[in-house]
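Undergrad: Have a look at this one.
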Amino acid sequence: MRGKTIVVHGLLIIISLIIVLPMIWMVLGSLKTIQEFLSKPPLWIPPRPAWENYVEVLKAAPFGLFFRNSLVVAIVVVTSQLLTAALAGYALAWINVPGRNLIFGIILATMMIPAHATAVPSFLILRRLGWIDSLQALMVPFLAQGFAVFLMRQAFLVIPVELVESAKLDGAGHLRILFSIMLPLAKPAAITVVVLSAVATWNNYFWPLIFTNSTKYRTLPLGLAMFRSQEGMAQWNLLMAASMIVVTPMMLLFLIGQRYFIEGISRTGLKG
Amino acid sequence: MRSVKLLAVVVALSVLVSVPVLAAPVQVDFWMGLSGSLGEVLMEMVNQFNASQDEVFINATFQGSYFDVQQKAMIAMAGGMPPDMIQVEQAQVRNLAAMGVVLPLSDLDLDTSEFIPTLIADCYYNGELYGIPFNRSTPLLYYNKDMFREAGLGEDPPKTWGELLEFAKKLTKPATDDQEATWGFQAVPNFWFFEAMVWQFGGEMADDSTGKLLYDQPGAVEALKFWQDLIHVHGVARCPAGEEAAAHAITRADFYAGRVAMIFDSTGQLTAHNQNTPFEMGVGFLPAGVTHAVPTGGGNIVILSRNPEIRRAAAKFIEWFTNAENAAVWSMRTGYMPVNQVAMNSEEMQKFYAENPNARVAGEQLQYARTVPAISVIPEVVESVESALQAVLLGGEDPATALANSVRESQPAADKFFRNR
């Protein structure tokens, strides 16, 4: 038994190291000079951490501005997706509306359509609204999301019916039941929605590329592209430093939310 | 009396309103595909143009790689809000023309007499001009003169592939206690360099009128076999692994550190290489096989706007950017070739060449330049060719088999492309 545990743990440690290696390479790479970065054999620990890479990055592109745009877009989109998913998920799980399954099916179907396929129709709509090259263009199309609705509905379905019944007897309305009973009980699913939607919004390259033109509405992933030059020399060390700035908030969010995140996935996976 | 007053007010108002409107410059939205130091030079020149006159304002913004710019422009166009002018990968002009995305420039009455014919050739489609050469490059042989001298080879680059092999043998040395191993030649296994080699060995990539792929034919197979032998039979060359940008980075790092004596790279890298090589660097033509031949690369500029006023304004900028004086400035600051013949022969450029003889080579090599075939912009074909190159050069697969498989695999994509355009 003990031997088996050691083998299993050993394997897991090796796999974890392989997975975390690119991260370590990024962290160390962000602190090297370009010569150190390209040296052969590869140099792991730079003799002197080149913190000036970060200063350089912040000077080379308006990363402060990109960061703020990314943050605004992510907060609005995540909050809204959670809210709409909770409302829709509750209605689909607990309110008997005619055609409920059909509606749910249509919502699920939206998950199958890639963003690239909706780009042109979205462009036409956003143009009519006069929103091309604006932050709204990055937020409004994403205020509700099929997968989030699905996750919340599944989480609400497994809540014991007795809780809902007794709340109804005490005179609670739908909103009260949703926000005072359902959501707190479905915390793992809600946090899963937050993490997934935050990561997807944060990393989105395609949408801001298509729908914003000017620097003032750009988000972080597009800022990263500025460090990859066409035919020119990529500044790998700066690219790593910029990547650090981009991924750190998401890593923090994931670390904070991971306990619930794993629970959320496993629960909704089992039931429903 | 009252009506006269009213009239006076109306006239005064309309003058007030209309004067600033008349004086406002025509704005041209220009999406560029260059960032980093090249993008900075371009932006500076745009600013200089804007400051030099008050009729046209070029609103230049960086929108990602050439691919990003084009993808974005296509969607914006379908959505009815295209940018006025974009920078595209050179071989794309004919495709955009074939798809009806860009209109002929015949309405603009541009003087094309000063352009270098080989560079403007790929802007023509069915005899009409659709784009203008903007930032143009070509592959070159960069070599380490210090290593050449040490190996007793003199100053000059190899002229043929046979000579390159002889040189590489002398430049390859195993590692010793106090020195790293060195080798003669290294090139990124990409479409561009392969295309050059295929032509040099007498082959063709494709029939440019039908899209029939021809790179499984004898000349092409011989070229790849030669490249493979340099690595696997003679052991005098290496092939960098990895995704293209990484393979370039490895090759450049090896070259800068004196581990490899000869590499292929774009003219666009000349300035960077000058700054990063701690030894005396030489630049030469790509070696000849049965013949000399090179492709060109880089970007052209096209006007998407249909509005005559904006088209004229865009043309003003293009004329300014490609005139003898500015084409020379752009070339001297970036390493791209001057697209303008007069610029190439200008006193300033000649003086610059006298001081930087390496910068002259790209222009001289243009006599051997050929127009790249349209298939070179089909992603499926490029990917398939490059994975065949990797399988042969890294994995040791048989060149004839690998190329035949690649042609079979990507011919449908080429057919579809030619049917749709």
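A short reminder: the numbers here are calculations on the coordinates, not readings from a lab. Bear in mind the structure is a predicted one, so any value in this text is a computation, not a measurement. Backbone-built Cβ (ideal geometry, glycine too); neighbour counts: all protein chains shown.
Undergrad: Can you list the HN-Hα couplings for the stretch A:105-121, worked out from phi with the Karplus curve (6.51, -1.76, 1.60; θ = phi - 60°), rounded to whole Hz and with x for Gly and Pro?
TA: Karplus values, whole Hz, x for Gly and Pro: x, 5, 4, 4, 4, 4, 5, 7, 8, x, 4, 4, 6, 9, 4, 5, x.
Undergrad: Arrange the peptides A:198-204, A:107-113, B:325-331 so that the one whose residues have, on average, the most other Cβ atoms within 10 Å appears first.
TA: Values: A:198-204: 18.7, A:107-113: 12.7, B:325-331: 21.3.
Sorting A:198-204, A:107-113, B:325-331 by mean packing, highest first, produces B:325-331, A:198-204, A:107-113.
Undergrad: Arranged from highest to lowest average of other beta-carbon atoms within 10 Å per residue, in what order do the peptides B:195-203, B:291-299 appear?
TA: B:195-203, B:291-299
Undergrad: Ordered by residue, what ³J(HN,Hα) values in Hz, to whole numbers, does the stretch A:210-227 give under the Karplus form 6.51 cos²θ - 1.76 cosθ + 1.60, where θ = phi - 60° and Gly and Pro are x?
TA: Result, rounded to whole Hz: 6, 9, 10, 10, 9, 4, 5, 10, 6, 10, 4, x, 6, x, 4, 4, 5, 8.
Undergrad: Along the positive direction of the dipole of the protein assembly as shown (beta-carbon charges: Lys, Arg +1; Asp, Glu -1; about the Cα centre), which of A:Leu183, A:Trp207, A:Met112 reaches farthest?
TA: Positive-most Cα among the choices belongs to A:Leu183.
Undergrad: Further question: Can you give the mean number of other chain Cβ atoms that lie within 10 Å of the Cβ atoms in peptide A:206-212? Mind showing how you got there, number by number?
TA: Values: counts 4, 0, 0, 7, 9, 4, 3.
Mean shielding count: 4.
Undergrad: With a point put 7 Å past each Cα toward its Cβ, work out how far A:Gln35 is from A:Thr84 in nm, to one decimal.
TA: 5.4
Undergrad: Still on this structure: Determine the shape class of the stretch B:118-163: with a ≥ b ≥ c the square roots of the Cα gyration tensor eigenvalues, call it rounded for a/c under 1.5, and otherwise prolate if a/b is greater than b/c, oblate otherwise.
TA: prolate
Undergrad: For the stretch B:199-208, just list the computed ³J(HN,Hα) in residue order, Karplus coefficients 6.51, -1.76 and 1.60, θ = phi - 60°, integers in Hz, with x standing in for Gly and Pro.
TA: Values per residue, Gly and Pro as x: 4, 4, 8, x, x, 9, 7, 6, 7, 7 Hz.
Undergrad: P(r) for the protein assembly as shown, please, calculated from all Cα pair distances in 10 Å bins and given in %.
TA: Reading upward from the zero bin: 3, 12, 19, 22, 19, 12, 7, 4, 1, 0, 0, 0.
Undergrad: Explain nothing, just the number: relative contact order of chain A, from Cα pairs under 8 Å at least 6 residues apart, as a whole percent.
TA: 31
Undergrad: Determine the shape class of the stretch B:295-418: with a ≥ b ≥ c the square roots of the Cα gyration tensor eigenvalues, call it rounded for a/c under 1.5, and otherwise prolate if a/b is greater than b/c, oblate otherwise.
TA: Details: a/c = 3.83, a/b = 1.56, b/c = 2.46.
It comes out oblate by the Cα gyration axes.
Undergrad: In square nanometres and to one decimal, what's the mean projected area of the convex hull around the Cα atoms of chain B?
TA: 24.2
Undergrad: What's the average, rounded to a whole number, of partner chain beta-carbon atoms within 10 Å of each residue's beta-carbon in B:65-77? Write out the running numbers ahead of the final one.
TA: Numbers: counts 5, 2, 1, 7, 2, 0, 5, 7, 1, 3, 9, 8, 2.
The mean count of partner-chain Cβ atoms within 10 Å per residue comes to 4.
Undergrad: Now a separate question. Amide H to amide H under 5 Å from B:Ala206: which residues, 5+ apart in sequence or cross-chain, H placed 1.01 Å off N in plane?
TA: B:Leu214
Undergrad: Quick check: pseudo-label points 7 Å beyond the Cα along Cα→Cβ at A:Asp133 and A:Leu12, how many nm apart are they?
TA: 5.3
Undergrad: Here's something else I'd like to know. Of A:Thr248, B:Ala400, A:Met139, which is farthest towards the positive pole of the protein assembly as shown's charge dipole, taken about the Cα centre with +1 and -1 on the beta-carbons of Lys, Arg and Asp, Glu respectively?
TA: A:Met139
Undergrad: With a Förster radius of 51 Å, plug the Cβ-Cβ distance of B:Val290 and A:Asn101 into 1/(1 + (r/R0)^6) and report the FRET value to the nearest 0.05.
TA: After rounding, the FRET efficiency stands at 0.10.
Undergrad: Dipole of chain A, Cα-centred, from +1 at each Lys and Arg C-beta and -1 at each Asp and Glu C-beta, to the nearest 20 debye? Mind dumping the intermediate values first?
TA: Numbers: 20 positive and 9 negative charges, 35 e Å.
It works out to roughly 160 debye.
Undergrad: Determine, from the Cβ-Cβ distance of A:Glu162 and A:Lys187 and an R0 of 22 Å, the FRET efficiency 1/(1 + (r/R0)^6), rounded to the nearest 0.05.
TA: Here the calculated transfer efficiency is 0.65.
Undergrad: Nearest 500 deg cm²/dmol is fine: what mean residue ellipticity at 222 nm does chain A get from its DSSP H runs of n ≥ 4 alone, each adding -39,500 (n - 2.57), divided by its residue count? Please report the intermediate quantities before stating the final value.
TA: Values: 13 runs with 188 residues, N = 272.
Result for chain A: -22500 deg cm²/dmol, rounded to the nearest 500.
Undergrad: How would chain A be classified by its alpha-carbon gyration tensor: rounded, prolate or oblate, with rounded meaning a/c under 1.5 and the a/b versus b/c comparison settling the rest?
TA: oblate
Undergrad: Fully extended, how many nm does the chain gain between B:Asp156 and B:Lys169 (0.36 nm per residue separation, minus their Cα-Cα distance)? Please list the in-between numbers first.
TA: Details: separation 13, 0.36 × 13 = 4.68 nm, distance 1.59 nm.
Result for the pair: 3.1 nm of gain on full extension.
Undergrad: For the protein assembly as shown, give me the percentage of DSSP beta bridges that are antiparallel, rounded to the nearest 5 percent.
TA: Within the protein assembly as shown, antiparallel bridges account for around 60 percent of the total.
Undergrad: Would you mind giving the mean number of other chain beta-carbons within 10 Å of the Cβ of each residue in A:119-125, as a whole number?
TA: Whole-number average of other-chain Cβ neighbours for A:119-125 is 4.
Undergrad: Can you give me the long-range amide H partners of B:Asp265? Hydrogens built in the peptide plane at 1.01 Å from N, cutoff under 5 Å, separation of 5 or more residues or another chain.
TA: Sorted by chain and number, the residues that satisfy this are B:Leu140, B:Tyr142.
Undergrad: By DSSP, what percent of the beta bridges with both residues in chain B are antiparallel, rounded to the nearest 5?
TA: Counting DSSP beta bridges with both partners in chain B, the antiparallel share is about 60 percent.
Undergrad: As a test of the formula, what do you get for chain B when each DSSP H run with n ≥ 4 contributes -39,500 (n - 2.57) and the sum is divided by the residue count, at 222 nm and rounded to the nearest 500 deg cm²/dmol?
TA: -15500 deg cm²/dmol
Undergrad: Around B:Phe62, which amide H atoms from residues at least 5 apart in sequence, or from another chain, sit under 5 Å from its own amide H, with H modelled in the peptide plane?
TA: Here the answer is B:Met32, since their amide H atoms fall under 5 Å of that of B:Phe62.
Undergrad: Can you figure out the FRET efficiency of B:Glu55 with B:Glu383, using R₀ = 51 Å and their beta-carbon distance, to the nearest 0.05?
TA: 0.70
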